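These notes concern the structure reproduced below.
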Amino acid sequence: FSPNTVDTLETFQMIAEQHEGSLGAYVISQATTASDVLAVLTLQRDAGVKQPLRVVPLFETLDDLRGAHVTMESLYNLPAYMGSISGKQEIMIGYSDSAKDAGRLAASWAQYETQEQLAELAKKYGIEVTFFHGKGGTVGRGGNPATFKAILAHAPETINGRFRVTEQGEMINQNFGHGDRAERTMDIYTSAVLAEKLTERAKPEEEQRAIMHKLSDISCEAYRRIVRDDPRFVPYFRSATPELELSNLNIGSRPAKRKATGGVESLRAIPWNFSWTQTRLNLPTWLGVGQAVNDVLSSEDGDKLRSLYQNWGPFATTIDLVEMVLAKSEPSIARHYDEVLVSDPKAIDLGQEIQSLHAETEKAVLDLTKHQSLSETNSILLTAMQVRNPYVDCLNVLQTETLLRMRKAEQEGSDDKILKDALLTTITGIANGMGNTG
């Protein structure tokens, strides 16, 4: 057997040796077919697990989300599988990787529709379904600091009094690090789940769905045109951000990449978002949104889009989040990273194009929301930025200089621990200053 196979078999042997109830769910990352779930069930039985763990498929990419209902119906049509789940099924929705795959706007709509479809499917087969929401702290990873509004923005009849969500990184300390904070966080979750259960919310009408599909398609194509299809992007990303240095610092809970080689597609969602947060560009959250909004506003559906923002909560929540991230972004700081760290002429050109896209996205969001300035109604955010930005700006300047010196030292074959410590200090400071980075 290969080392991976041996490791897998030993994992199931370890599960079999635990006391019943010691472990919860077995989550299958990047689940795509019914056999992914059946394989885990079979391996548990083969290892002699007396009380098998519940098997939770995690649908992560855009294609996986769109095909999730087919996968689950295949399982529900198997009598042996239905007999093993006792009428209950847990399904994990991947917010981070779907956003990295397709952009925030397309991913959020796919997540909404997927949960609708899976809830209807479970009802058809008489199954109690619980969704496990795999979100991070950043908006680019599905996060929303307005937890109450975020829960009410989920599709109707998909929560039903049951809500499971991930809390990761510094968000654990932020939300549960002190007794009063933990109590407040649980109060918000509890009240939101109860409100969702007791509040009658209309499902989107066909006209609204058509607009969302149009926005989703345009934004996804615009996002992938830069991130996936432009050969200049990966060299630009790796020179303009601290992505490579983040991988070497070992500050995450998991390896930065699923594979040792590969481009953006192999990079985990945490360093992908974290790198752009460090440069204050926050690209994963807004890329593709501006073109989608502009294209629809300038079409015959322009008035329908404005009506959608005014009258349909989930879309308004998404746009308001994008507006908040744009307000927290600082293009001049990102431009400084480009000027200091990017030397390839083609990558420099791409950086200038991305800066233009950022400006266009700001204008598009302001046009849609009818605001004069970004997040003008969020006085708390505006005050916080006014206080902290001067300090974070300095840390960004220090970080660019540190990265420049580290890269020169690496080219000369030296390893400077002081520079690494300095970089880690700037990373921590910027992350705390920006917030919502987990």
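The values are calculated or read from the model by the stated rules, or taken from the named source; none is laboratory data. Since this is a predicted model, take the numbers as computed values, not measurements. Reconstructed Cβ throughout: ideal geometry from the backbone, glycine too, with neighbour counts over all protein chains shown. These area figures cover heavy atoms from the full protein model, side chains too; ligands, DNA and RNA do not enter into them. Shrake-Rupley method; radii C 1.70, N 1.55, O 1.52, S 1.80 Å.
If you take the residues of region 399-418 that are out of contact with any Leu (no Cβ under 8 Å at 6 or more places or on another chain) and assigned to a helix (DSSP H, G or I), which of them is least open to solvent (accessible area, probe 1.4 Å)? Walk me through how you get there before you give the answer.
Filtering region 399-418 for residues out of contact with any Leu (no Cβ under 8 Å at 6 or more places or on another chain) gives 401, 408, 410-418.
Those still in the list that are assigned to a helix (DSSP H, G or I) too: 401, 408, 410-411, 417-418.
Details: 401: 74, 408: 110, 410: 129, 411: 159, 417: 139, 418: 130 Å².
Filtering first and then ranking leaves 401.
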- [ ] Could you grab me the full set of residues in region 212-248 that are hydroxyl-bearing (Ser, Thr, Tyr) and in a helix (DSSP H, G or I)?
- [x] 216, 219, 223, 236, 239, 247
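Within region 364-381, which residues are in a helix (DSSP H, G or I) and surrounded by 13 or more Cβ atoms within 10 Å (Cβ to Cβ)?
Going through region 364-381, the residues in a helix (DSSP H, G or I) turn out to be 364-369, 379-381.
If the condition is that a residue be in a helix (DSSP H, G or I) and surrounded by 13 or more Cβ atoms within 10 Å (Cβ to Cβ), then 364, 365, 366, 367, 368, 369, 381 are the ones that fit.
Would it be correct to say that residue 244 is in contact with a Lys or Arg (Cβ under 8 Å, 6 or more places away or on another chain) and either open to solvent by 60 Å² or more (accessible area, probe 1.4 Å) or at pLDDT 95 or above (or both)?
Details: in contact with a Lys or Arg (Cβ under 8 Å, 6 or more places away or on another chain): yes; either open to solvent by 60 Å² or more (accessible area, probe 1.4 Å) or at pLDDT 95 or above (or both): yes.
Yes; evaluated as a whole, the condition is true for this residue.
Scanning region 141-178 for residues that are part of a helix (DSSP H, G or I) and more than 17 Å from residue 315 (Cα to Cα), which turns out modelled with the lowest pLDDT? Lay out the reasoning, then the answer.
Narrowing region 141-178 to residues part of a helix (DSSP H, G or I): 141, 147-152, 170-176.
When the remaining residues are screened for being more than 17 Å from residue 315 (Cα to Cα), the result is 170-176.
Values: 170: 66, 171: 75, 172: 81, 173: 79, 174: 79, 175: 84, 176: 87.
This residue is 170.
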- [ ] Considering only region 30-43, state which residues are out of contact with any Pro (no Cβ under 6 Å at 6 or more places or on another chain) and surrounded by 14 or more Cβ atoms within 10 Å (Cβ to Cβ).
- [x] 30, 32, 33, 34, 36, 38, 39, 40, 41, 43
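Looking only at region 343-363, count every residue that is open to solvent by less than 10 Å² (accessible area, probe 1.4 Å) and out of contact with any Pro (no Cβ under 7 Å at 6 or more places or on another chain) and tell me the total. Break it down stepwise before answering.
Going through region 343-363, the residues open to solvent by less than 10 Å² (accessible area, probe 1.4 Å) turn out to be 347, 350-351, 354, 358, 361.
Filter once more, so that each one left must be out of contact with any Pro (no Cβ under 7 Å at 6 or more places or on another chain): 350-351, 354, 361.
Of the residues in region 343-363, 4 are open to solvent by less than 10 Å² (accessible area, probe 1.4 Å) and out of contact with any Pro (no Cβ under 7 Å at 6 or more places or on another chain).
Would you confirm, using the coordinates I've provided, whether residue 106 is in contact with a Lys or Arg (Cβ under 7 Å, 6 or more places away or on another chain) and aliphatic (A, V, I, L, M)?
Values: in contact with a Lys or Arg (Cβ under 7 Å, 6 or more places away or on another chain): no; aliphatic (A, V, I, L, M): yes.
Here the answer is no, as residue 106 does not meet what is asked.
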TODO: Among the candidates 86, 98, single out the residue that is free of Cβ contacts under 8 Å to residues at least 60 places away in the same chain, crowded, with 17+ Cβ neighbours inside 10 Å and closer than 22 Å to residue 162 by Cβ.
DONE: 98
- [ ] Inspect all residues belonging to region 216-237 and state whether any of them is open to solvent by 20 Å² or more (accessible area, probe 1.4 Å), over 20 Å from the mean Cα position of the chain (by Cα) and of a type in the set (Ser, Thr, Tyr).
- [x] no
- [ ] Sort out for me the helices (runs of 4 or more DSSP H) sitting completely within region 22-127 that have 2 or more residues that are within 28 Å of residue 221 (Cα to Cα) and of a type in the set (A, V, I, L, M).
- [x] 62-66, 68-76, 95-102, 104-124
Open item on the list: If residue 307 satisfies all but one of (1) small (Gly, Ala, Ser); (2) buried (at least 17 other Cβ atoms within 10 Å of the Cβ); (3) at pLDDT 95 or above, what's the number of the condition it fails?
Closed with: (2)
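Here are some residues: 421, 349. Which one is free of Cβ contacts under 8 Å to residues at least 12 places away in the same chain, in a helix (DSSP H, G or I) and on the phi < 0 side of the Ramachandran plot?
Among 421, 349, only 421 is free of Cβ contacts under 8 Å to residues at least 12 places away in the same chain, in a helix (DSSP H, G or I) and on the phi < 0 side of the Ramachandran plot.
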Open item on the list: Testing residue 300 on (1) modelled with pLDDT of 95 or more; (2) buried (at least 18 other Cβ atoms within 10 Å of the Cβ); (3) not basic (Lys, Arg), one condition comes back false. Which one is that?
Closed with: (2)
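Of these, 299, 343, 329, which one is among the hydroxyl-bearing types (Ser, Thr, Tyr) and free of Cβ contacts under 8 Å to residues at least 40 places away in the same chain? Spell out how you get there, then give the answer.
Values: 343 fails: free of Cβ contacts under 8 Å to residues at least 40 places away in the same chain; 329 fails: free of Cβ contacts under 8 Å to residues at least 40 places away in the same chain.
Exactly one residue qualifies, and that residue is 299.
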